[in-house]
Amino acid sequence: MTIKLLNNEVIEQVQEVFDGLSEPVQVLFFGKGFDCDYCEDTLQLIREVVDISDKLELTEYDIDEDAAIAGQYNIDKAPGLVIAGLDGKQILDYGIRFAGIPSGHEFSSLINTMLLVSARDSGLNQETREFLQELNQPVQMLVFVTPSCPYCPRSVILAHQMALESPMVEAEMIEATEFPELSTRFGVSGVPQTTINAGAGMVVGAVPEGQLIAEINNALN
C-alpha cells in the first residue's frame, strides 16, 4: 500500500486554493525507470495534486522511451514537469517547467504556477508586459532552488509569470541538489539563483520585476 504524501489538512488547503482555478491545466510528467532518485515521489505527488481538481489533467511520459515528446517540450532532466494550458484537446505550452521534485517551499510554487496558468494572465505590471511582448530573442531562465529556501518560490513564480507573458521566454525551476553538475556549471553558491541564457546573465536572490528585466536586457545585449 502506497503511503500518501499529502495529508488531509494539506489537501483541504489546496482544495480551497483550487476553487480559484478557471481554465483547464495540463500537467506533463517526464520520468525514467532508472537512475532517478525522485521520479517516483514526484509522480506520486503530482498524481495526488491533480486528483484534487477536475480542472487538472496529467499525462505521464518516460524521458527515454518518449524522447521525441521530451524533445518537443525541451525536457532533458528527470523528473521533469511541464505546466501547460488546455483548450479542448490542444495543449498550450507557455514554456513553464520544473526539474526535480517541487517539495518543501517549492510545493507552493507548483500550486501557484497551476493557478497562474489557469488564469492565463501573468499579473505583471504594464512596463514589464510591454518589454516582454517586444522581445525578439529567446530568453531561457533556470531558477535554482532548494526545498528549504523560503525566498525561492518568489523567484520561480516571477520567472513563470514572464514565460506566460511571452512566447520568447522559457522558465524552469531547477532543484539544485538533484542536479549538482548543472549547479556547479553555473556556479550556484546561494539560492534562489536565476541564470539567464546559459550564463549570459544572472541574478542571486528574490528580486523585483524591474531588476530581473534589467538583467535580461543586459544578457541580450
Cα centroid of the range 169-183 to Cα centroid of the range 49-101, whole Å: 16
Principal axis dimensions, the chain - Cα atoms, whole angstrom, descending: 54, 37, 35
Cut-off 15 Å between beta-carbons: net charge of the residues surrounding residue 89, Lys and Arg +1, Asp and Glu -1: -4
Amide H contacts of residue 64 (H built 1.01 Å from N, under 5 Å, at least 5 apart or other chain): none
Label-point gap, in nm, between residue 65 and residue 218 - each point 7 angstrom along Cα→Cβ: 4.6
Inter-site label distance for residue 40 and residue 57 at 7 Å from Cα along Cβ, in nm: 3.0
In nm, spacing of pseudo-spin labels at residue 121 and residue 23 (7 Å Cα→C-beta vector): 1.2
Check: the chain dipole with +1 on Lys, Arg Cβ and -1 on Asp, Glu Cβ, in debye: 440
Residue-count net charge about residue 69 - beta-carbon cut-off 15 Å; Lys, Arg +1, Asp, Glu -1: -4
Dipole-positive endmost among 179, 6, 124 within the chain (Cβ charges, Cα centre): 124
Cα centre as origin, Lys/Arg/Asp/Glu Cβ charges: the range 126-220 dipole, Debye: 180
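Quick note: the coordinates plus some simple rules give every number you see, no bench work behind them. In this text, all values refer to a predicted model and were calculated from it rather than measured experimentally. Using ideal geometry, Cβ is built from the backbone for each residue, glycine included, and neighbour counts are taken over all protein chains shown.
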